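J.: Before we start, here is the structure in question, set down as structure tokens.
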């Protein structure tokens, strides 16, 4: 029998070795181990699913609840640099040491939880999700926010019954697992809903399957444009729900034209949960002002300007392009781009081709990634005269872009969590003229 891991890296390596498939949709195995662990929560749980906007929604909801004085735990994935980023308590990433007993608890439970006392095989995501859920369940929390990793109905997070489901924008992604169209994908994501519990849908054009499932289930459906809506004014915005109104709101600190959609869904969830988690108007204002989320249209001051965005599907890239268009004039825009091979790379590139002058394409340190030379072939098919430079990793690509850019230019890093995380390996990148430096995160 292998020795018990003594470090977080050891446990992560162990979790990677247990299951033959990286992604194995289904809840039976993880539900079996959860039951053996007697894992449950004594506080309200909010579960967030969607194609884009999940992380921003979680960050804003977390910031508002923290501003209201609540003790909040958050589970989100994937991480940018360190695994510990996946779990926050009171706004801070957990320490690796705090996770170790919970990895051990998952291992102990799974070894005998199967039929006839046999071991249960868990995927990396299932194992690590249960460990983080165990940690959160043992903290004295007032609220827990869980971000779905993939889909909803069959995601490991869905073994926990939610008190309020939030569905953000729904678009085409992970189609090999979730289905070929928005209607099928929407139905999978709607699987986080529970009967008689609030289900907030912040996508203003939600697929019919989402509405039908909510009705069949008997969920308390809150639809954007019907049960809540917002008004965008020149210097502020306002929101109206079923009974509450929020006036003279400052725009969220998170940048991007789509953030008001996410913020509107957050306010709907807070109204739906007001009896168990009352929140004053000042906490709402403070929370929106303080919300932070690295890599979501994150604009870093410096020369040249640096933009980080983890967008990795055509819908997210369309939003990124819209946000870039609104930034003003830059003589030259350089791109650092790397992506996973299973993504719609031509679809992402097509929207960005008119905005990018120089492409720095990079390999990524995972077997799932597309090689830079493969991305280059897709790009040349769209724009034969594209200026392309290939690099072995994101950090070297950013360094080359910084060396080539003038002070008034712009560099955009996008395409994957691994691309943005790759340029943050040594800390948050800072550009000073033709020099690339890093500062602690």
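J.: Between residue 42 and residue 82, how many nm apart are label points set 7 Å from Cα along the C-beta direction?
T.: Using points 7 Å along Cα→Cβ, the separation is 3.0 nm.
J.: Considering the alpha-carbon set of the stretch 259-308 alone, what are its Rg and its Dmax in angstrom?
T.: Computed over the Cα atoms of the stretch 259-308, radius of gyration and Dmax are 14.8, 48 Å.
J.: Continuing with this model, one more query. Report the Rg/Rh value for the stretch 1-137, based on alpha-carbon coordinates and the Kirkwood definition of Rh.
T.: On the way: Rg = 15.5 Å, Rh = 15.9 Å.
Looking at the stretch 1-137, the ratio lands at 0.97.
J.: Computed on alpha carbon atoms, what radius of gyration and Dmax characterise the stretch 8-290, expressed in Å?
T.: That works out to 18.6, 65 Å for Rg and Dmax.
J.: Tell me, in nm to one decimal, what length is gained between residue 216 and residue 355 on full extension, where the rule is 0.36 nm per residue of separation less the Cα-Cα distance?
T.: Extra length available between residue 216 and residue 355 comes to 45.6 nm.
J.: Taking other Cβ within 10 Å of each residue's Cβ, how do 310, 266 sort, fewest first? Kindly include the intermediate steps, with their values, before the conclusion.
T.: Working: 310 25, 266 30.
Exposure proxy ranking, most exposed first: 310, 266.
J.: For a protection proxy built on the mean count of beta-carbon atoms within 10 angstrom, sort 106-119, 267-280 highest first, please.
T.: Values: 106-119: 15.4, 267-280: 19.3.
Top to bottom by mean Cβ count within 10 Å: 267-280, 106-119.
J.: I would also like to ask the following. What FRET efficiency do you get for residue 104 and residue 408 if R0 is 45 Å and r is their Cβ-Cβ distance, rounded to the nearest 0.05? Please report the intermediate quantities before stating the final value.
T.: Values: r = 54 Å, r/R0 = 1.20.
So the FRET efficiency works out to roughly 0.25.
J.: Then there is this: Among 75, 124, 329, which one moves the most in a GNM of the chain with springs linking Cα atoms closer than 10 Å?
T.: 329
J.: Using DSSP, restrict attention to beta bridges with both residues in the stretch 298-439 and report what percent are antiparallel, rounded to the nearest 5. Write down the numbers at each step before the final one.
T.: Values: 9 of 29 bridges.
Close to 30 percent.
J.: Can you give the helix-only mean residue ellipticity at 222 nm for the chain, where every DSSP H stretch with n ≥ 4 adds -39500 (n - 2.57) and the sum goes over all residues, rounded to the nearest 500 deg cm²/dmol?
T.: -11000 deg cm²/dmol
J.: Follow-up. For the stretch 26-71, what is one quarter of the convex hull surface built on the Cα atoms, given in nm²?
T.: Numbers: hull surface 18.3 nm².
Averaging across all directions leaves 4.6 nm² for the Cα convex hull.
J.: Taking every DSSP beta bridge that has both residues in the stretch 8-290, what percent is antiparallel when rounded to the nearest 5? List each step's numbers first, then the result.
T.: Working: 13 of 33 bridges.
Percent antiparallel among DSSP bridges in the stretch 8-290 is about 40.
J.: Let me test this: with uniform point scatterers at the alpha carbons of the stretch 298-439, what is the Debye-based log₁₀ I(q)/I(0) at q = 0.15, 0.18, 0.21 1/Å?
T.: Normalising to I(0) and taking log10 leaves -0.64, -0.96, -1.35.
J.: Here's another thing I want to ask about it. What percent do you get for the relative contact order of the chain when only Cα pairs under 8 Å and 6+ apart count? Don't skip to the end; give the middle numbers.
T.: Numbers: 933 pairs, mean separation 65.4, N = 441.
Reported relative contact order: 15 percent.
J.: Full extension from residue 238 to residue 205: what is 0.36 nm times the residue separation minus their Cα-Cα distance, to one decimal in nm? Walk me through the intermediate numbers first.
T.: Working: separation 33, 0.36 × 33 = 11.88 nm, distance 2.04 nm.
Result: 9.8 nm gained on full extension.
J.: If packing is taken as the mean number of other Cβ atoms within 10 Å per residue, what is the order of 43-49, 147-153, highest first?
T.: 43-49, 147-153
J.: To the nearest Å, what is the center-to-center distance of the stretch 268-309 and the stretch 111-140, using C-alpha atoms only?
T.: Centre-to-centre distance over Cα atoms comes out at 31 Å.
J.: Looking at the stretch 1-150, what % of its DSSP beta bridges pair antiparallel, to the nearest 5?
T.: Numbers: 5 of 13 bridges.
For the stretch 1-150, the DSSP antiparallel bridge percentage is about 40.
J.: Using a Förster radius of 22 Å, what is the FRET efficiency between residue 325 and residue 381 based on their Cβ-Cβ separation? Nearest 0.05, please. Could the numbers behind the result be given before it?
T.: Values: r = 24 Å, r/R0 = 1.09.
The computed FRET efficiency comes out at 0.35.
Every read-out reported here was derived from the displayed coordinates using simple, explicitly stated rules and does not represent laboratory data. Remember, predicted model here, so these are calculated numbers, not experimental data. Using ideal geometry, Cβ is built from the backbone for each residue, glycine included, and neighbour counts are taken over all protein chains shown.
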